[in-house]
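Peer 1: I'd like to ask some things about the structure below.
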Amino acid sequence: VNLTKSGSGSSGATFHAANDCSGVELTSATIPSGMASVTVYVAGRSAERQGGPAFTVATATAQGADRFAGGFGSGSQVFNVHPAVRRGSCTIANNQTTSTATQSTPCTILPPLPATPGVRERTFFTFQTTLPNLGGASVQNTTCELNGVATALECSRHASSNNTLNIEWQVVSLASGMSVRHVKQSIGSTMPRTVQTPLGADLPADSTFLLVSHKNSSGGLDWDDFPVSELVGTMAGTVSTLETRNGGFDYQVPFELNAQVVTWTGLSVVSGIVTGGAGASFTGTAPASSGTEALLYTTRISASGSAAICRHRLRGTVVAGVPTFSRGAGAMGACTDVAMAETVWSRLSFPSAIAAVSAPASAISIPNGQSNGSWAVGRPLPLDRTWVFLGGQGPGGQSGGESSRGGGSDDDLGTLAARVTYGTDGMGNTLVTLTRGSTTSNSFFSPFVVVLTP
């Protein structure tokens with residue numbers, strides 16, 4: 001009996017003989033002599049594989065489960081496929097500090113993730129925030145976490161503002177091959193320059209990466225508001241500790257960092273640190289890659305430099321496999337005179353069996369006086385399995401780029417951060433649009449578009 005599938009999203013479903021959906025994918029099933037039926041199990045990228053769902057070829061007695069609706073009988077059966085990537089918008093309202101406040105718009109995950117044990121540990125998210133005015137770290141630096149029942153993101157900042165903070169988020173959830181540890185660093189009093197949090201396991205460094213965001217109490221943004229975070233370990237080839245390092249004498253407290261430590265089977269991760277040096281551009285050192293690549297990083301400067309926000313954040317991209325960073329968006333002087341202490345980066349190389357990554361050939365430019373810029377991808381993107389982010393992370397999630405915002409701009413994070421949204425051009429192709437909170441100065445951003453393989 002031949003096994004076929006059709007319809008939107010069905011390419012992500014596979015047929016298996018084992019009830020845990022292990023082993024090779026089936027394209028046909030044999031009904032043994034003397035029997036009227038054989039049971040086949042169906043799995044998908046974001047389904048719950050254990051225990052089904054099952055259908056029986058040539059009979060109509062089996063039940064559907066999880067993301068597949070109804071039982072399967074002879075002939076054909078309709079089933080519903082949930083997305084591997086979910087996305088949405090939410091807010092922290094005017095004069096509020098959390099997305100869960102009554103006046104805010106909650107970050108509810110829709111459609112809901114499967115209500116099954118362990119789904120939170122197979123799910124990660126990225127997000128971006130923007131605020132339309134100045135206000136310092138306490139109102140702009142935002143952190144988010146996946147709540148304990150995996151139904152919503154909960155985002156917060158230290159202090160309220162007289163403007164609404166806008167949030168765009170994406171949630172990636174897979175049935176297998178991914179393990180996510182959700183880690184918090186929360187300090188309420190004087191904090192040392194280096195803070196370590198054990199992960200509870202030795203994880204493979206070559207397939208593990210870090211997603212971070214933080215909030216803290218501070219006025220103008222300075223070197224103590226932009227820590228770097230790194231996964232470190234005591235055994236070769238493994239990571240076992242989240243280490244966060246600060247540039248200033250101490251952190252502005254209270255300080256809270258939410259991290260997601262993602263181990264993804266088949267992904268190739270190479271990490272490194274670029275240290276020292278004034279200037280506008282920096283490069284890392286990395287071996288050749290056999291996949292398509294994206295980049296995540298945190299960065300800090302070597303001395304106090306609050307007068308110019310453009311000093312603090314970099315735009316990162318991958319050029320011929322090499323992590324490449326720039327700052328200042330063409331401006332020099334105060335944007336480039338303070339040395340970078342360190343940029344901690346991870347290059348993610350996706351084999352075609354997992355995903356394909358694309359990025360614009362040049363940075364998306366948002367000129368002075370404008371709030372957004374777009375990249376015409378040139379094809380329709382399947383948004384149910386497309387994850388888009390900016391590599392610069394920390395305050396406001398995965399939102400960072402570079403800006404020419406100079407003197408007297410120490411609290412204008414809005415020129416260095418952008419939110420990701422989607423549209424279409426006149427031919428139905430996808431537009432990736434970046435919107436920043438502040439329109440003063442020029443800004444450059446480099447998004448990564450990761451399309452998961454069905």
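The values are calculated or read from the model by the stated rules, or taken from the named source; none is laboratory data. Small disclaimer: the values here were computed from a predicted structure and weren't measured. Every residue, glycine among them, receives a Cβ derived from its backbone with ideal geometry; neighbour counts consider all protein chains shown.
Peer 1: Take region 215-236 and flag every residue that is in a loop (DSSP other than H, G, I, E, B), in contact (Cβ under 8 Å) with a residue 24 or more places away in the chain and aliphatic (A, V, I, L, M). Full working, then the answer.
Peer 2: Just the residues of region 215-236 that are in a loop (DSSP other than H, G, I, E, B), to begin with: 217-222, 226-227, 233-236.
Applying the additional criterion that residues be in contact (Cβ under 8 Å) with a residue 24 or more places away in the chain yields 217-222, 226-227, 233, 235.
Those that are in a loop (DSSP other than H, G, I, E, B), in contact (Cβ under 8 Å) with a residue 24 or more places away in the chain and aliphatic (A, V, I, L, M): LEU221, MET235.
Peer 1: Which residue is surrounded by the fewest Cβ atoms within 10 Å (Cβ to Cβ), if the candidates are limited to region 224-240 and must be in contact with a Gly (Cβ under 7 Å, 6 or more places away or on another chain) and farther than 21 Å from GLN398 by Cβ?
Peer 2: SER240
Peer 1: Inspect all residues belonging to region 202-219 and state whether any of them is within 26 Å of ALA341 (Cβ to Cβ), surrounded by fewer than 21 Cβ atoms within 10 Å (Cβ to Cβ) and modelled with pLDDT under 95.
Peer 2: Checked against the condition, which is being within 26 Å of ALA341 (Cβ to Cβ), surrounded by fewer than 21 Cβ atoms within 10 Å (Cβ to Cβ) and modelled with pLDDT under 95, region 202-219 yields at least one hit.
Peer 1: OK, next. Out of (1) under 23 Å from ASN372 (Cα atoms); (2) in a loop (DSSP other than H, G, I, E, B), the odd one out for GLY88 is which?
Peer 2: So the condition that GLY88 fails would be (2).
Peer 1: Going through region 353-392 one residue at a time, which ones are touching a helix residue (DSSP H, G or I) at 6+ places or on another chain (Cβ under 8 Å) and assigned to a loop (DSSP other than H, G, I, E, B)? If you could, list the steps in order and put the result at the bottom.
Peer 2: If we filter region 353-392 for residues that are touching a helix residue (DSSP H, G or I) at 6+ places or on another chain (Cβ under 8 Å), which is where we start, we get 385.
The answer is none; no residue qualifies.
Peer 1: Another question, then. Scan region 311-318 and tell me whether some residue there is more than 18 Å from GLY394 (Cβ to Cβ) and either surrounded by 15 or more Cβ atoms within 10 Å (Cβ to Cβ) or without any contact (Cβ under 8 Å) to a residue 40 or more places away in the chain (or both).
Peer 2: In the first step, residues of region 311-318 are kept if they are more than 18 Å from GLY394 (Cβ to Cβ); the result is 318.
Next cut, either surrounded by 15 or more Cβ atoms within 10 Å (Cβ to Cβ) or without any contact (Cβ under 8 Å) to a residue 40 or more places away in the chain (or both) only: 318.
Checking region 311-318: at least one residue is more than 18 Å from GLY394 (Cβ to Cβ) and either surrounded by 15 or more Cβ atoms within 10 Å (Cβ to Cβ) or without any contact (Cβ under 8 Å) to a residue 40 or more places away in the chain (or both).
Peer 1: Kindly indicate whether GLN77 is at pLDDT 55 or above, more than 25 Å from the chain's Cα centre (by Cα) and not hydroxyl-bearing (Ser, Thr, Tyr).
Peer 2: Criteria met by GLN77.
Peer 1: Okay, next question. Would it be correct to say that VAL180 is touching a Phe, Trp or Tyr at 6+ places or on another chain (Cβ under 6 Å) and touching a residue at least 40 places away in the same chain (Cβ under 8 Å)?
Peer 2: Yes, satisfied.
Peer 1: Give me the residue from region 113-166 that is part of a loop (DSSP other than H, G, I, E, B) and in contact with a helix residue (DSSP H, G or I) (Cβ under 6 Å, 6 or more places away or on another chain) and, out of that set, surrounded by the fewest Cβ atoms within 10 Å (Cβ to Cβ).
Peer 2: ALA159
Peer 1: Which one of these is modelled with pLDDT of 70 or more, surrounded by 16 or more Cβ atoms within 10 Å (Cβ to Cβ), part of a loop (DSSP other than H, G, I, E, B) and β-branched (Val, Ile, Thr): THR4, THR100?
Peer 2: Just one listed residue meets the conditions, THR100.
Peer 1: Regarding region 206-214, can at least one residue be identified that is part of a strand (DSSP E or B) and among the aromatic types (Phe, Trp, Tyr)?
Peer 2: Yes, some residue in region 206-214 is part of a strand (DSSP E or B) and among the aromatic types (Phe, Trp, Tyr).
Peer 1: For the condition closer than 28 Å to VAL451 by Cβ, in a loop (DSSP other than H, G, I, E, B), of a type in the set (Ser, Thr, Tyr) and under 22 Å from the mean Cα position of the chain (by Cα), what is the one hit in SER289, SER271? Spell out the reasoning first.
Peer 2: Working: SER271 fails: in a loop (DSSP other than H, G, I, E, B).
The conditions single out SER289.
Peer 1: Can I ask one more? When the residues of region 296-312 are narrowed to those that are in a loop (DSSP other than H, G, I, E, B) and in contact with a strand residue (DSSP E or B) (Cβ under 7 Å, 6 or more places away or on another chain), which ends up modelled with the highest pLDDT?
Peer 2: At the first step, the residues of region 296-312 found to be in a loop (DSSP other than H, G, I, E, B) are 302-307, 312.
If we keep only those that are in contact with a strand residue (DSSP E or B) (Cβ under 7 Å, 6 or more places away or on another chain) as well, we get 302, 307, 312.
Details: SER302: 84, ALA307: 72, HIS312: 88.
Among them, the one singled out is HIS312.
Peer 1: In the list GLY88, GLY64, which residue meets the criterion of being surrounded by fewer than 23 Cβ atoms within 10 Å (Cβ to Cβ) and either closer than 27 Å to ASP224 by Cα or at pLDDT below 95 (or both)? Break it down into steps so the answer makes sense when it comes.
Peer 2: Values: GLY88 fails: either closer than 27 Å to ASP224 by Cα or at pLDDT below 95 (or both).
None of the other options fit; the residue is GLY64.
Peer 1: Take the residues in region 321-341 that are in contact with a helix residue (DSSP H, G or I) (Cβ under 9 Å, 6 or more places away or on another chain) and in a helix (DSSP H, G or I); name whichever of them is surrounded by the fewest Cβ atoms within 10 Å (Cβ to Cβ).
Peer 2: ALA334
Peer 1: Regarding region 380-397, can at least one residue be identified that is free of Cβ contacts under 8 Å to residues at least 60 places away in the same chain and over 15 Å from the mean Cα position of the chain (by Cα)? Outline the logic, then answer.
Peer 2: Let us first name the residues in region 380-397 that are free of Cβ contacts under 8 Å to residues at least 60 places away in the same chain, namely 380.
Okay, now just the ones that are also over 15 Å from the mean Cα position of the chain (by Cα), so 380.
There is at least one residue in region 380-397 that is free of Cβ contacts under 8 Å to residues at least 60 places away in the same chain and over 15 Å from the mean Cα position of the chain (by Cα).
Peer 1: At pLDDT 95 or above, farther than 25 Å from SER89 by Cβ, within 14 Å of the chain's Cα centre (by Cα) and not in a loop (DSSP other than H, G, I, E, B): which single residue out of VAL261, VAL183, VAL239 fits that description?
Peer 2: VAL261
Peer 1: Continuing with the same structure: Looking at (1) more than 15 Å from the chain's Cα centre (by Cα); (2) more than 16 Å from SER99 (Cα to Cα); (3) touching a residue at least 12 places away in the same chain (Cβ under 8 Å), can you tell me which one ASN141 breaks?
Peer 2: Among (1) more than 15 Å from the chain's Cα centre (by Cα); (2) more than 16 Å from SER99 (Cα to Cα); (3) touching a residue at least 12 places away in the same chain (Cβ under 8 Å), ASN141 violates only (2).
Peer 1: Against the definition (within 28 Å of ASP337 (Cα to Cα) and modelled with pLDDT under 95), how does ARG315 come out, yes or no?
Peer 2: no
Peer 1: Which one of THR421, THR433, THR415, THR439 is surrounded by fewer than 22 Cβ atoms within 10 Å (Cβ to Cβ) and closer than 21 Å to GLY136 by Cβ?
Peer 2: On inspection, the qualifying residue turns out to be THR439.
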